[in-house]
1. Would you say S62 is free of Cβ contacts under 8 Å to residues at least 12 places away in the same chain, under 24 Å from M14 (Cβ atoms) and part of a helix (DSSP H, G or I)?
2. Looking at segment 21-42, can you tell me whether even one residue there is open to solvent by less than 80 Å² (accessible area, probe 1.4 Å), in contact (Cβ under 8 Å) with a residue 24 or more places away in the chain and of a type in the set (F, W, Y)?
3. When only residues in segment 35-90 that are at pLDDT 90 or above and of a type in the set (K, R) count, which is nearest to W3 (Cα to Cα)?
4. So, in segment 91-124, of the ones that are within 35 Å of the chain's Cα centre (by Cα) and among the polar types (S, T, N, Q), which residue ends up modelled with the lowest pLDDT?
5. Go through (1) over 17 Å from V1 (Cβ atoms); (2) exposed (fewer than 11 other Cβ atoms within 10 Å of the Cβ) for A11 and report which single condition fails.
6. Can you pull out every residue in segment 21-42 that is assigned to a loop (DSSP other than H, G, I, E, B) and within 33 Å of the chain's Cα centre (by Cα)?
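The values are calculated or read from the model by the stated rules, or taken from the named source; none is laboratory data. These figures come from a predicted structure and were not determined experimentally. Note that each Cβ is placed from the backbone with ideal geometry, even for glycine, and that neighbours are counted across all protein chains shown. Accessible surface areas use protein heavy atoms only, side chains included; no ligands, DNA or RNA. Shrake-Rupley method; radii C 1.70, N 1.55, O 1.52, S 1.80 Å.
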Amino acid sequence: VRWMMYWIVFALFMVTETFTDLLISWFPFYYEIKMAFVIWLLSPYTRGASLLYRKFVHPTLSRKEKEIDTYIIQAKDRSYETMVRFGKRGLNMAATAAVQAAAKSQGVLAGRLRSFSMQDLRSIPDET
């Protein structure tokens, strides 16, 4: 549980840091403060990640639990519909390609089948 809290808080930190890094990286000792913050999050003595998770992240997730569940269900339904649609489109493309390949190779196929006609077999001399 401790590592789960750390990774969730660290992921949120990385997301916010991506945007704020552009704005405040000029601040003196910015990188040193950032490194000290990550060590504070990770340290088993300070338990910074647990503190932040219990104080901010967990209450927010608890308040928005129903909305999150609704979004997950919607995403699952949309992903299923999307996969069905792409599957149908892929099968249609494969069928079209097979029909086109058969139409293009019809002349070659007819030539090969013609070589096995009875007339060709009669032209082979009997060995008896």
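1. Yes.
2. yes
3. Top of the filtered list is R54.
4. The selected residue is Q100.
5. So A11 meets the others, but not (1).
6. The one that is assigned to a loop (DSSP other than H, G, I, E, B) and within 33 Å of the chain's Cα centre (by Cα): S25.
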